Amino acid sequence: MYHSIYDFKDFYNSPMGNAVKLILNRQIKSYWHNIKDMRVVGIGYTQPYIESFLEEAERCISISPADIGVYPWPDNKKNLCLLAEETELPIETNSVDRVLLIHSLEFAELPKSNLQEIFRILKSNGRLIIITPNRRGLWSRAEWSPFGNGTPYSGEQLKFLLRDNLFVYERSCQILHALPLRWKLVIKNFHHLEFLTPYILPTMGGIHVVEASKQVYSGSAIGLTEPKVIIRTRPSIATFPT
C-alpha cells in the first residue's frame with residue numbers, strides 16, 4: 001500500500017516507474033505545450049511531472065496531501081514543495097493558471113470538496129488535468145504500483161464529478177495500454193508496447209488523462225444594465241506562496 005511519499009518516490013526511481021513517467025509526461029505536454037509565465041500547482045505526488053515546467057512557468061508548487069508526508073524538492077534548490085489538506089489549500093483565490101492532479105483523487109476521502117477547492121484557486125480561464133486509474137484497466141489491479149491503490153474511476157464517473165463541481169470537460173484519453181508486468185523484456189520495450197497495444201485492447205488503457213476548464217456563470221441582476229459575474233468562492237486562506 002502507498003501510505004508514504006517515499007513509497008511513491010521508490011516507484012518512480014524504479015525502471016518501471018521511469019517508463020511510466022516518460023509516457024505520462026509526453027501526454028501532459030501534448031495538452032499543455034505552452035505554459036510560459038503561468039502559475040502551475042501540482043496536487044498529490046507531482047514532482048516527476050511538474051519538474052519539466054520549472055524553467056518555463058512563472059512558478060511551480062507541489063502540494064502533498066497531509067497524510068502521505070513531504071520532502072524538500074527540487075534537490076539542491078529553493079524548496080517548492082509543501083504539505084496541506086487538499087480541502088484547505090493555502091493559496092489565494094483565483095491565482096493559479098494550471099492545476100495537475102495525480103495520485104490524489106483516487107485516494108481522496110472527500111473528492112467533491114477537493115475539486116471545489118481547486119475551483120476556488122483557479123483563475124477564470126484556468127485549466128485542470130486529472131490523472132487517475134481506469135476502473136476497466138489492468139493497472140488498477142497492479143497493487144505494487146500507485147495506480148493499483150485507492151478507488152479507480154470510469155470515464156463517465158469523472159465527467160459527472162467534474163460537471164457537479166462546475167468544471168467544463170474539455171478532452172480526455174486513455175494511456176498505459178502496455179501490460180503492468182515488471183519483466184525486463186516488457187520494461188525494455190515499454191514504449192513499443194504502448195504504441196501497439198491500443199490496437200488490441202482499445203478500451204483497456206490503465207490511466208485516464210482528463211483536461212477540464214473552470215466554468216464561470218454570468219447573469220444580469222434586476223435593475224442593472226451591466227452583467228454581473230457570479231463565481232463560487234470563499235475567503236482565501238493565504239496568499240500565493242513566493
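The values are calculated or read from the model by the stated rules, or taken from the named source; none is laboratory data. Small disclaimer: the values here were computed from a predicted structure and weren't measured. Counting neighbours? That spans all protein chains shown, and the Cβs are built from the backbone with ideal geometry, glycine included.
Quick notes
- Residues that are surrounded by 15 or more Cβ atoms within 10 Å (Cβ to Cβ) and assigned to a helix (DSSP H, G or I) are absent from the stretch 76-94.
- Residue in the stretch 107-116 that is of a type in the set (Lys, Arg) and either surrounded by fewer than 19 Cβ atoms within 10 Å (Cβ to Cβ) or at pLDDT below 95 (or both) present: yes
- The residue list TYR45, TYR71 contains one member that is aromatic (Phe, Trp, Tyr) and surrounded by fewer than 20 Cβ atoms within 10 Å (Cβ to Cβ), which is TYR71.
- When residues in the stretch 97-113 are screened for being of a type in the set (S, T, N, Q) and without any contact (Cβ under 8 Å) to a residue 60 or more places away in the chain, 1 of them pass.
- Total residues in the stretch 165-194, condition surrounded by fewer than 12 Cβ atoms within 10 Å (Cβ to Cβ) and either in contact with a His (Cβ under 9 Å, 6 or more places away or on another chain) or not hydrophobic (A, V, I, L, M, F, W, C) (or both): 3
- Qualifying residue in the stretch 30-45 (condition: touching a helix residue (DSSP H, G or I) at 6+ places or on another chain (Cβ under 6 Å), hydroxyl-bearing (Ser, Thr, Tyr) and touching a residue at least 12 places away in the same chain (Cβ under 8 Å)): yes
- If you filter the stretch 3-31 down to residues that are among the aromatic types (Phe, Trp, Tyr) and surrounded by 20 or more Cβ atoms within 10 Å (Cβ to Cβ), you find that the one that is nearest to PHE119 (Cα to Cα) is PHE8.
- Yes/no for VAL70 being of a type outside the set (Asp, Glu), in a loop (DSSP other than H, G, I, E, B) and in contact (Cβ under 8 Å) with a residue 12 or more places away in the chain: yes
- From ARG120, ARG171, ARG136, residue being in a strand (DSSP E or B), touching a residue at least 24 places away in the same chain (Cβ under 8 Å) and among the basic types (Lys, Arg): ARG171
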